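The values are calculated or read from the model by the stated rules, or taken from the named source; none is laboratory data. All values reported here derive from a predicted model rather than from experimental measurement. Heads up, the Cβs are rebuilt from the backbone with ideal geometry, glycines too, and the neighbour counts pull from every protein chain shown.
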């Protein structure tokens, strides 16, 4: 059985390299589909496709926000693009002449595209380090999602047990449905002081019992409970299947509420709908 995962999680990784400090911040939240938003430094944007593929291979659903950080080291053995750097320095001097109170962060110049001319071998090493750092952050994120998924699994199984218990009055009502309808109809006839032929009375009782019959809804709700337990026990990507099942739960509970022929059954239907809504909210978090 594969683990159930939540769609929410966070991970942060920082790695010191000879070329500089590398980092990834990952955050995932609920979404109907997989959405990946990447924020990369300009001189690493060519890795976007590879990074997306790595994320998509391990995350099935959720909105994943990825922020990559890189601060180059002055001892990284990098060559400077002096013509571009001179042009930038001239532009900055013009700005400083007009805005003397402004501050210039020289480290930002290193991050400007093309300022640093890199050795090809060093660049390959750095690219490999970026992919490894992402994998490390993904592993941390997925572990968080798995831990939260296990908690949600326990919550949902508890809610299913509560739902099953809440159906007990419905089961009892089914066993006594005809007798209850006969008693209710006879009481109304007695209040109105009307005598009815016994055969006609039984026909009316049968019609009322048929209208109030909630056996089908009762059986379907129990069937849905069994199906939900099976899905949770099988594990894996269960969010969409459980979300569909919550709609079926809600449909049966609404029909049961509409057919309720007693105050007790009305209260039961309300309790069922509350539990189903609580389950639906939790299911929205599952991958």
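Does region 172-184 contain any residue that is part of a helix (DSSP H, G or I) and at pLDDT 85 or above? Looking through region 172-184, none of the residues is part of a helix (DSSP H, G or I) and at pLDDT 85 or above.
Taken over region 233-261, the residue count meeting the criterion of being farther than 26 Å from residue 31 by Cα and surrounded by 14 or more Cβ atoms within 10 Å (Cβ to Cβ) is 9. For first residues located in region 126-140 and without any contact (Cβ under 8 Å) to a residue 24 or more places away in the chain, partners that are part of a helix (DSSP H, G or I) and surrounded by 14 or more Cβ atoms within 10 Å (Cβ to Cβ) and lie 6+ apart or on another chain with Cβ distances below 8 Å do not occur. Residues that are surrounded by fewer than 14 Cβ atoms within 10 Å (Cβ to Cβ), touching a residue at least 40 places away in the same chain (Cβ under 8 Å) and not in a loop (DSSP other than H, G, I, E, B) within region 15-56 comprise 21, 42, 50, listed in sequence order. Residue by residue through region 57-85, note down the ones that are outside any strand (DSSP E or B), at pLDDT 80 or above and out of contact with any helix residue (DSSP H, G or I) (no Cβ under 7 Å at 6 or more places or on another chain). 57, 59, 60, listed by residue number.
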